[in-house]
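Please treat every number below as a calculation from the coordinates, not as lab data. On a predicted model such as this, the values are computed, not experimentally measured, just so you know. FYI the Cβ positions are ideal-geometry reconstructions off the backbone, even for glycines, and counts take in every protein chain you see.
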Amino acid sequence: MGPVRSANERLSGLEPYDPRYLPAEVMLSANESPFDIAPGTRERVEARLRELALNRYPDPLANGLRDAIAASSGLERGNVLVGNGGDELLFNVFLAYGGPGRTFIDLPPTFSVYAYNAHLTGTGKVDIPRLGDFSVDEDAVAARLSRGDIDLVVLTSPNNPTGNLIPEAGCRRLLEASDALVLLDEAYVEFAGDSLVPLLAEYDNLLILRTFSKAFSLAGVRVGYVLGSKGVIDEFTKVRQPYSVDAVSQVIASCVLEDGDTVVRERVAGTVARREELFGRLQGMEGVEVWPSAANFLLIRVTDARGVWQRLYDEHSVLVRDFSSSAGLADCLRVTVGTEEENAAFLAGLEAVLAARGF
Ligand SMILES: *Cc1c(COP(=O)(O)O)cnc(C)c1O
């Protein structure tokens, strides 16, 4: 075999994104819904899929789904773009608004995919670390934006993995500080209450990311979308893959949307109630620090988090997410709010692991 020349130099030393998704009896590592879509919706999905012509390309822009999303958000088709999960759109935003010679502000600790995409696309990155309570350092971000050379900033609300919100006033302040595109990642907003979608009427530089993966129980299907001003959405249509949202996914997401949100709303309310219950239990445990959360997960700190993670997995078959090697998250683990049984299994496992260590 002959030699092969090296890949793009940006890839050297880069570790592929690894969600560390291992098989376990209790899966609390990926912030999925523990429930399948409603049984009636699943039946309608199956009926519609039987009729679907698989030999034909899908509607390239998923216009039917765009219209349904637009209607449910009080917007128009031109304000919506659907992607292969929110993750594809998070890449597209760096293709369209990042790139060599352009700069984005990252607010760590936050979703690591933003920094990864910045690296891949050769986008410059300015880190403005969050404050001690994980809130955004609004003064520092506003001051940096006002210099006028920032192209993109990503706000995450609720933030992953810390669970806190950015207040509306803070979001407005940053939108007004410059003309930079502000991507507001609302992947978990259903668990928090009010979305900041109404601000789209006031700010052309606001783009909001939403997903079907979390509250809508469709992580396996890969559908997310962005909402924004028509000019920004038009730029996204230039960088996206032509058929990124397959026909099957378009049908499934449309059915979930058409069936209305009664079931989704009930499940979100249940998750929020179980989150508060879990929060209370963790707060009462010796050797555990827990932060309040507006999402479907909680961030905790325990001594030797890496060892605790391993023993939870090995001895209790409970999979949570280890963030202990991320900057600003020493000894932190993130646990998804599961069913009552899953939460109980996690708590029992954690108690046993901590007791075995002497507290
Ligand atoms: C889960 C998540 C997304 C989107 O996930 P997809 O499954 O690709 O839609 C986006 N942002 C954050 C912060 C997330 O946690």
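Below are the figures for this structure:
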item	result
Strands (runs of 3 or more DSSP E) contained in the stretch 65-173 and holding at least 1 residues of a type in the set (Phe, Trp, Tyr) and crowded, with 16+ Cβ neighbours inside 10 Å	103-106
Filtered residues of the stretch 187-202 (kept if more than 13 Å from GLY228 (Cα to Cα), in a loop (DSSP other than H, G, I, E, B) and charged (D, E, K, R))	ASP194
Filter pass, PRO161 being over 29 Å from GLU15 (Cβ atoms) and within 20 Å of the chain's Cα centre (by Cα)	no
Any hit, the stretch 207-228, residues being in a loop (DSSP other than H, G, I, E, B), surrounded by fewer than 23 Cβ atoms within 10 Å (Cβ to Cβ) and among the charged types (D, E, K, R)	yes
Residue match in the stretch 208-215 (condition: away from the ligand (no atom under 15 Å from the Cβ) and aromatic (Phe, Trp, Tyr))	no
Top-ranked residue of the stretch 158-170 - restricted to ones that are within 16 Å of the ligand (Cβ to nearest atom) and either of a type in the set (Gly, Ala, Ser) or out of contact with any Lys or Arg (no Cβ under 6 Å at 6 or more places or on another chain) (or both), ranked as farthest from SER33 (Cα to Cα)	ILE166
Neighbours by Cβ (under 7 Å, 6+ apart or cross-chain): first from the stretch 183-197, near the ligand (Cβ under 10 Å from one of its atoms); second small (Gly, Ala, Ser) and assigned to a loop (DSSP other than H, G, I, E, B)	GLU186/SER157; GLU186/SER195; TYR188/ALA295
From LEU155, LEU145, LEU107, LEU120, residue being in contact with a Cys (Cβ under 9 Å, 6 or more places away or on another chain) and in contact (Cβ under 8 Å) with a residue 40 or more places away in the chain	LEU155
Near pairs, Cβ below 9 angstrom, 6+ apart or cross-chain, from the stretch 310-323 (closer than 17 Å to ASP18 by Cα) to any residue that is of a type in the set (Phe, Trp, Tyr) and in a helix (DSSP H, G or I)	LEU319/TRP309; LEU319/TYR313; VAL320/TRP309; VAL320/TYR313; VAL320/PHE346; ARG321/TRP309; ASP322/TRP309
